[in-house]
Amino acid sequence: MPTQNGALTVRPLWIITRYEDDRMDALTIGPHLDESFLALFSYAEEAEAFVCLLGDDEKQKGWRSEQTTAAELVLVLLGPCAEVKGVALDPLPLELSREMLPLVSMSRDLFLQYLLVERRRAAGELTLGTS
């Protein structure tokens, strides 16, 4: 998931969201009711395909793909998704693929740690570059 050059903190990513009563909700998926993963996508087309393949009852809830940044992901993982077990990168939308989540996911805490370290490193490089 993370790369040596900090690609996750540089390139845009997508999550699936909906808004209700001015509150953002991010789509989480999981094989069991007691553990869930934030679905995170590398490309807009993957997120949009995931939304299209949701069941009719889920589509009626107003889910849509939304571009996000590393900083916004930190806020989502500390806010509405504070209880997720991890982050799943480019999960498949099929019900049977839920069993593959441990293979395409990273723990929430490790992912947050990576994002925060990369943001500090990028900020340090910007500071060094302007001196």
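The values are calculated or read from the model by the stated rules, or taken from the named source; none is laboratory data. Predicted model only: the values in this text are computed from it and were never measured. All Cβ positions, glycine included, derive from the backbone under ideal geometry; neighbour counts span all protein chains shown. Accessible surface areas use protein heavy atoms only, side chains included; no ligands, DNA or RNA. Shrake-Rupley method; radii C 1.70, N 1.55, O 1.52, S 1.80 Å.
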Practice task
Could you tell me whether any residue of the stretch 89-109 is modelled with pLDDT of 90 or more, on the phi < 0 side of the Ramachandran plot and exposed (fewer than 15 other Cβ atoms within 10 Å of the Cβ)?
Solution key: yes
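Do we have any residue at all in the stretch 77-93 that's outside any loop (DSSP other than H, G, I, E, B), out of contact with any Asp or Glu (no Cβ under 8 Å at 6 or more places or on another chain) and free of Cβ contacts under 8 Å to residues at least 24 places away in the same chain? Lay out the reasoning, then the answer.
First pass over the stretch 77-93, keeping only residues outside any loop (DSSP other than H, G, I, E, B): 77-78, 86-89.
Within this subset, residues satisfying the condition of being out of contact with any Asp or Glu (no Cβ under 8 Å at 6 or more places or on another chain) are 77-78, 86-89.
After this cut, where a residue has to be free of Cβ contacts under 8 Å to residues at least 24 places away in the same chain as well, the list is none.
Taking every residue of the stretch 77-93 in turn, none turns out to be outside any loop (DSSP other than H, G, I, E, B), out of contact with any Asp or Glu (no Cβ under 8 Å at 6 or more places or on another chain) and free of Cβ contacts under 8 Å to residues at least 24 places away in the same chain.
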Handout entry: the stretch 52-78, residues that are in contact with a strand residue (DSSP E or B) (Cβ under 7 Å, 6 or more places away or on another chain), under 15 Å from Thr28 (Cα atoms) and open to solvent by 100 Å² or more (accessible area, probe 1.4 Å)
Key = Arg64
Practice task
Considering only residues that are over 16 Å from Arg11 (Cα atoms) and among the polar types (S, T, N, Q), look in the stretch 27-64 and name the one that is modelled with the lowest pLDDT.
Solution key: Gln60
Exercise for the section: Residues being in contact with a strand residue (DSSP E or B) (Cβ under 8 Å, 6 or more places away or on another chain) and either closer than 11 Å to Ile16 by Cβ or β-branched (Val, Ile, Thr) (or both): count how many of those fall in the stretch 79-105. Expected result: 4
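Among the residues of the stretch 2-15, write down those that are among the aliphatic types (A, V, I, L, M) and either at pLDDT 95 or above or at positive phi (or both). Spell out the reasoning first.
Going through the stretch 2-15, the residues among the aliphatic types (A, V, I, L, M) turn out to be 7-8, 10, 13, 15.
Residue satisfying the conditions is Ile15 alone.
Can you confirm whether Gly30 is over 14 Å from Phe111 (Cβ atoms) and in a strand (DSSP E or B)? Can you show your working first?
Working: over 14 Å from Phe111 (Cβ atoms): yes; in a strand (DSSP E or B): yes.
Yes.
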